[in-house]
Amino acid sequence: MAQIAELRKTVGESSWFVRDRFGMFIHWGLYSMAARHEWVMHHEKIPPQEYEKKYFSRFDPDLYNPQAWADAACRAGMKYFVITTKHHEGFCLWDSKLTTYKATRTPAKRDLLRPMVEAFRKRNMRVGLYHSLIDWHHDQYVIDPHFGPLRDHPDREKLNQKRNQAKYAAYLHGQVRELLSNYGKIDVLWFDFSYPKPNGSGKGHQDWQSEKLYKLVRKLQPGVLLNDRLDLPNAWDIKTPEQVVPRQGVVVDGRPVVWEACHTFSGSWGYHRDEQSWKSVPQLVELLIDTVSKDGNLLLNVGPTSRGSFDERTMDRLNGIGQWMDVHAKSIYGCGAAPAEFPVPQDCRLTWNAAKKRMYVHVLTWPFRHLHLDGFKDRVEYAHLLNDGSEICFHKDGHRGLNFKGLATPETLTLELPVQRPNVTVPVIELFMK
Ligand code: GLC
């Protein structure tokens, strides 16, 4: 298929990634206790010492059961996961030798990352690590006027005199070395994020020493898939549009690239108790379909509670997606955008499995009796509904037997649909192509 052949090559291993399509993002840290956004430290300008005193000393995930997390991800049909080893707040889930600001020093008293990695691996899921470049807790991290609890501090310049960003970069590199050395094969590395400004007041590749960091990553884990937030023009494998649905597949310098859209259930990434803007199961299933129909991956985020569990809203969404995936996963795994010669039928999304020569028509709005597929005439051998494998008959004469001629174009294939819409979140018709 033309689109795949032209894909920008990745340095890391991406063949599994474009096949698996669906992963779980997990944002878990001290902010899960505040339960009002993972940026709470920034939003409420909570000084690092205060934040530490309040949350760090009380972080006690007594319900944490990583097998249950892996089961829930698996149930939803997810094939990989990406966990926040450290978010902007600076707190580390693993037993880093380079800081005391880590899970082992909280009432949790243990490395929380290792059992998670093991549980997901046991479920045959690939392992991804998110790591924040930004750190609002580290005492060498230079305070800038944009982000962080101390951004508007009257003595910011004075505070910065005691800080040395190069020392922070050494810490950052050291921690990445730990993560890429001590947890086996890492499949995805997800740095977050850079914000260079023309006047130098932001942070970018110089602040992280990204070139050096990139070399370290490639040395320690040559096959790891790297995201695009190090502020280096070419040193990335995947593009990561965030909380948006790209109109088409992502293209860079005229070439399609491997991409992954990340989305939340309700807006914030960390556990948010009061947010009411939860997406419904149908919305999430459509998001997955839409993404794959444009050759992308969906990384769907869960914010576990501070006690270490997935709340009932999360479980409801994951189970709902899983119910749809139980019978429709064929239209997701191994699939991507349909070749351009097949126009997308009205109110539908197409996905295409090139190896199997199967086309999947996702019918978002169920039409009355006929679905017209322009450009499909003489291309289809057989068709059925995925949910029950029941045959869908088709013909080439538009509204056959009715007094309606001339509604279909000569290249149109018309599917005869049951009047009753199948009782699934999104019905899918599988076309066996010639
Ligand atoms: C961001 C935010 C953040 C979240 C991330 C996920 O850039 O800073 O809180 O972790 O995006 O993509």
Next on the checklist: With angles folded into 0 to 90 degrees, how steeply does helix 66-76 sit against the dominant principal axis of the chain? Use alpha carbons for both and round to 10.
Outcome noted: 20 degrees
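Return V245, V257 ranked ascending by Cβ neighbour count within 10 Å, so the fewest neighbours appear first. Could the numbers behind the result be given before it?
Details: V245 14, V257 20.
Ordered from fewest to most neighbouring Cβ atoms within 10 Å, V245, V257 come out as V245, V257.
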Checklist entry - How large is ³J(HN,Hα), in whole Hz, for each residue of the range 101-109 in order, when computed from phi with the Karplus curve 6.51 cos²θ - 1.76 cosθ + 1.60 and θ = phi - 60°, using x for Gly and Pro? => result 8, 8, 4, 4, 9, 8, x, 5, 6
Next on the checklist: Using amide H atoms built in the peptide plane, which far-off residues or other-chain residues are under 5 Å from G375 H to H?
Outcome noted: E411, T412, L413
Next on the checklist: With the cut-off at 23 Å, tell me which of the pairs K53/K102; K53/K203; K54/K279; K239/K356 have Cα atoms farther apart than that.
Outcome noted: K53/K203; K54/K279; K239/K356
Checklist outcome for this item: About its Cα centre, the range 261-370 carries a charge dipole, from +1 on Lys and Arg Cβ atoms and -1 on Asp and Glu Cβ atoms, whose size in debye to the nearest 20 is 340 debye
Checklist entry - In the chain, what % of DSSP beta bridges are antiparallel (nearest 5)? => result 50 percent
Checklist entry - Which cross-chain or sequence-distant (5 or more) residues have an amide H under 5 Å from the amide H of V252, H modelled 1.01 Å from N in plane? => result V257
Item to check | In degrees, nearest ten, helix 113-122 long axis to first principal axis of the chain (Cα) | outcome: 20 degrees
Checklist entry - What nm value, rounded to one decimal, do you get for the distance between R247 and A68 when each label is placed 7 Å out toward the C-beta? => result 4.5 nm
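Defining a contact as two alpha carbons under 8 Å apart and six or more residues distant in sequence, what relative contact order in percent does the range 15-331 show? Mind showing how you got there, number by number?
On the way: 590 pairs, mean separation 79.3, N = 317.
Averaging sequence separation for qualifying contacts and normalising by length gives 25 percent for the range 15-331.
Suppose every Lys and Arg Cβ carries +1 and every Asp and Glu Cβ carries -1, with no other charges. What dipole size does the range 48-128 come out with about its Cα centre, to the nearest 20 debye?
Working: 16 positive and 9 negative charges, 57 e Å.
Result for the range 48-128 is approximately 280 debye, rounded to the nearest 20.
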Next on the checklist: Can you list residues from other chains, or at least 5 along the same chain, whose modelled amide H is less than 5 Å from the amide H of K203?
Outcome noted: Y195, K197
Checklist entry - In a shell of Cβ-Cβ distance under 13 Å around Y80, excluding Y80 itself, what net charge do Lys and Arg (+1) and Asp and Glu (-1) give? => result +3
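Tell me, what is the FRET efficiency for R121 and V419 to the nearest 0.05, using R0 = 60 angstrom and their Cβ-Cβ distance as r?
On the way: r = 47 Å, r/R0 = 0.78.
In this case the efficiency is close to 0.80.
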Checklist entry - Tilt of helix 210-220 relative to the longest C-alpha principal axis of the chain, in degrees (0 to 90, nearest 10)? => result 70 degrees
Checklist outcome for this item: Note: S390 to E50 extended length (0.36 nm per residue) minus current alpha-carbon separation gives 116.2 nm
Checklist entry - How big is the charge dipole of the chain about its Cα centre, in debye rounded to the nearest 20, if each Lys and Arg gets +1 on its Cβ and each Asp and Glu gets -1 on its Cβ? => result 880 debye
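We did not get these values from a lab; they are worked out from the coordinates using the rules stated. Keep in mind that what you see is a predicted model, and the values were worked out from it rather than measured. When we count neighbours, we look across all protein chains shown, and the Cβ atoms used for this are built from the backbone with ideal geometry, even at glycine.
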